[in-house]
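The values are calculated or read from the model by the stated rules, or taken from the named source; none is laboratory data. The shown structure was predicted, so the numbers you read here are calculated from the model rather than taken from an experiment. Cβ sites come from the backbone with ideal geometry, for glycine too, and all protein chains shown count toward neighbours.
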Amino acid sequence: MDILSFLLISLKLLFFIYKFAFAIDSISSSESISDGGRTLVSENGRFELGFFSPGSSNNRYVGIWYKKVPVKTVVWIANRINPINGSSGVLMINSIGSPVVVIRQNKTVVWSANSTKEAQSSVVLQLLNSGNLVLRDEQSSGDGFSRYLWQSFDYPCDTLLPEMKLGWDLKTGLERRLSSWKSPDDPSPGDFTWGVELQGNPEIVMWKGSNKFYRGGPWNGIKFSGGLDLKHNSIFEVIFVNNEDELYYTFKMIDKSMFSIVVMNQTRNLRDRFIWSETTQNWNMYSYVPRDNCDNYGLCGVYGNCIITQSPNCQCLEGFKPKSTGYGDWSEGCVRNKALNYSKLDGFIKFNRMKLPDATNSWVNKSMNLEQCRVKCLENSSCMAYSNLDIRGRGNGCAIWFGDLIDIKQNSNSEQDLFIRMSASELGTKEGSKMKIVVIVTATAAAAGALLVGYYIYKSRTNFGRRPRSYKEAYTRALKQIEKDEKFKIEHQKEMATSTKKSPNDKQDKVATAARNYS
């Protein structure tokens, strides 16, 4: 072997050793990550943690990004509020007392993550295949959230990864909410946020500052009532968990080889979902919300129904009229045509394919059926509407709303029905219109029947050999003749169907006989 070949083999070996030495997914309390030094790489090679500068900024941050994606895609940042000036930052574990993950610049702590749990042994900081950065006991293993002393998934930034939870840990009171970057150069929290609202019937909500910007509507067992149709989605599965311990939204990939992220976009005021395309080597837009004008929160005011296919988009629900006389002014919404009685005499009108109203002032019961829900609503004068909690199968559970209803939308993708309370007089008008139709049809049928009987009475009086002694006798004869005619009609139909081989004369004889009997 010549010297050149030996050197080449040695270089390859050194490169392999270098790569192996630096491609690690965890550090212990005696190790650290320095700016410009090694990084953490998840075991599957999908995610990487290290120091970086966003956009045109010179500030330094510790973040996690997709390693295999050529477009730099940062999914989490530790010190997004406190950036580092210069390249002297260090990420390490402080194991004195309760374990703490810290970022130091010289002797100053720039960021820290405290654990509320006691470590049972020495600890490690590990970047998992899911993109979750966890602090755990060195002896523990696995992907169970309960085993972690601390995890980055509990403190999301602007990006939701598969199996990351958006919502609440009801046992500890921890809320996980997404917040946008202020700008492409500044990852500090913007005023565009997304989370799960706890009050009443829980639902996912986006806020612009302290104001609601978009609602997905409550979960109905299949989807969020105002959300996209997910029946034919073969890429990811949406999951909504609501129990005594947790309340959260998440998603998981059906095809684990695919990448998908949900990102809060401060610039466009949108929540975007992207799917990575190996073909184009770029993130392709899969969906976004708000999708249209009707997704803007409360656009049509109280009792206003937003229908994107109509102009104007805002329409009053049946039984309501615009409160404002100004053209195009829907800020005050709609008012009832007829006031409620606030009694059990009130009833409900069913509205199909609806995005359910804002659920802040609502109440739910998982065990009630729809009829029990209706009765429960009538018992409370503040109850304005009710619906099934879960629409799967025949439907079950009860959700009722108190006070004025707002942010209602006609949603062609929804299978959700909403029952809105109406006064007895309003329902009487509605039922009265139906009754008029029934009366007209009935009267028409009765008149036609009377004319037919009259015709046969006339025929019986003129064609029978003896004139009937009374109207009653004529009426009886007419009914008998009608009955005979019906029997003949049935017999004639049978003959037409089964006696095609008989001569026309046979059929004529039967007709003649019937005619003689009639006369």
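Kindly provide the set of residues from the range 225-263 that are part of a loop (DSSP other than H, G, I, E, B), surrounded by 12 or more Cβ atoms within 10 Å (Cβ to Cβ) and charged (D, E, K, R), ordered by number.
Asp229
Take the residues in the range 359-385 that are among the hydroxyl-bearing types (Ser, Thr, Tyr) and in contact with a Phe, Trp or Tyr (Cβ under 9 Å, 6 or more places away or on another chain), then tell me which one is farthest from Gly216 (Cα to Cα). Before you say what the answer is, go through the steps one by one.
Filtering the range 359-385 down to residues among the hydroxyl-bearing types (Ser, Thr, Tyr) leaves 360, 362, 367, 381-382.
Adding the requirement that they be in contact with a Phe, Trp or Tyr (Cβ under 9 Å, 6 or more places away or on another chain) leaves 362, 381-382.
Details: Ser362: 16, Ser381: 28, Ser382: 24 Å.
Among those that are among the hydroxyl-bearing types (Ser, Thr, Tyr) and in contact with a Phe, Trp or Tyr (Cβ under 9 Å, 6 or more places away or on another chain), it is Ser381.
Which of the residues belonging to the range 363-409 are over 18 Å from the mean Cα position of the chain (by Cα), assigned to a loop (DSSP other than H, G, I, E, B) and hydrophobic (A, V, I, L, M, F, W, C)?
Listed by number, the residues that qualify are Met368, Leu405.
If you take the residues of the range 168-184 that are among the hydrophobic types (A, V, I, L, M, F, W, C) and touching a Leu at 6+ places or on another chain (Cβ under 9 Å), which of them is surrounded by the fewest Cβ atoms within 10 Å (Cβ to Cβ)? Break it down stepwise before answering.
Let us first name the residues in the range 168-184 that are among the hydrophobic types (A, V, I, L, M, F, W, C), namely 168, 170, 174, 178, 181.
Applying the additional criterion that residues be touching a Leu at 6+ places or on another chain (Cβ under 9 Å) yields 168, 170, 178.
Numbers: Trp168: 22, Leu170: 15, Leu178: 21.
Looking at residues that are among the hydrophobic types (A, V, I, L, M, F, W, C) and touching a Leu at 6+ places or on another chain (Cβ under 9 Å), I get Leu170.
If you check Arg291, Arg273, which single one turns out to be in a loop (DSSP other than H, G, I, E, B) and either in contact (Cβ under 8 Å) with a residue 40 or more places away in the chain or of a type outside the set (A, V, I, L, M, F, W, C) (or both)?
Arg291
Any residue in the range 250-267 that is in the same structural domain as Trp207 (by TED's automatic domain parsing) and in contact (Cβ under 8 Å) with a residue 40 or more places away in the chain sitting within a Cβ distance under 7 Å of a residue that is in a loop (DSSP other than H, G, I, E, B) and surrounded by 20 or more Cβ atoms within 10 Å (Cβ to Cβ)? List the pairs, counting only those 6 or more apart or interchain.
Going by the 7 Å Cβ cut-off, the qualifying pairs are Thr250/Met164; Thr250/Lys165; Ile261/Leu161; Val263/Asp158; Met264/Asp158.
Can you find a residue in the range 334-352 that is more than 27 Å from Gly428 (Cβ to Cβ), surrounded by fewer than 19 Cβ atoms within 10 Å (Cβ to Cβ) and modelled with pLDDT of 95 or more?
Within the range 334-352 (the criterion being more than 27 Å from Gly428 (Cβ to Cβ), surrounded by fewer than 19 Cβ atoms within 10 Å (Cβ to Cβ) and modelled with pLDDT of 95 or more), the answer is no, since none of the residues qualifies.
Here's the yes/no breakdown for (1) surrounded by 10 or more Cβ atoms within 10 Å (Cβ to Cβ); (2) assigned by TED's automatic domain parsing to the domain that holds Val335; (3) modelled with pLDDT of 95 or more; (4) closer than 30 Å to His232 by Cα:
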position	(1), (2), (3), (4)
Asn369	yes, yes, yes, yes
Lys376	yes, yes, yes, no
Ser382	yes, yes, yes, no
Arg394	no, yes, no, yes
Phe402	yes, yes, yes, no
Leu418	yes, yes, yes, yes
Thr429	yes, no, no, no
Ala446	yes, no, no, no
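Scan (1) touching a strand residue (DSSP E or B) at 6+ places or on another chain (Cβ under 8 Å); (2) within 15 Å of Leu247 (Cα to Cα) for the single condition Thr172 breaks and write down its number.
Looking at each condition in turn, Thr172 falls short on (1).
So, restricting to strands (runs of 3 or more DSSP E) that lie completely within the range 15-116, which ones have at least 2 residues that are of a type in the set (A, V, I, L, M) and farther than 22 Å from Ser260 by Cα?
89-94, 100-105, 108-114
Conditions (1) free of Cβ contacts under 8 Å to residues at least 60 places away in the same chain; (2) among the basic types (Lys, Arg), marked per residue:
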{"site": "Gln315", "(1), (2)": "yes, no"}
{"site": "Pro322", "(1), (2)": "yes, no"}
{"site": "Arg336", "(1), (2)": "no, yes"}
{"site": "Gly347", "(1), (2)": "no, no"}
{"site": "Leu356", "(1), (2)": "no, no"}
{"site": "Lys376", "(1), (2)": "yes, yes"}
{"site": "Cys383", "(1), (2)": "yes, no"}
{"site": "Leu405", "(1), (2)": "no, no"}
{"site": "Ser414", "(1), (2)": "no, no"}
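Quick one: count up the residues across the range 129-142 that are out of contact with any helix residue (DSSP H, G or I) (no Cβ under 9 Å at 6 or more places or on another chain) and either more than 21 Å from Lys252 (Cβ to Cβ) or buried (at least 20 other Cβ atoms within 10 Å of the Cβ) (or both).
Total meeting the criteria: 3.
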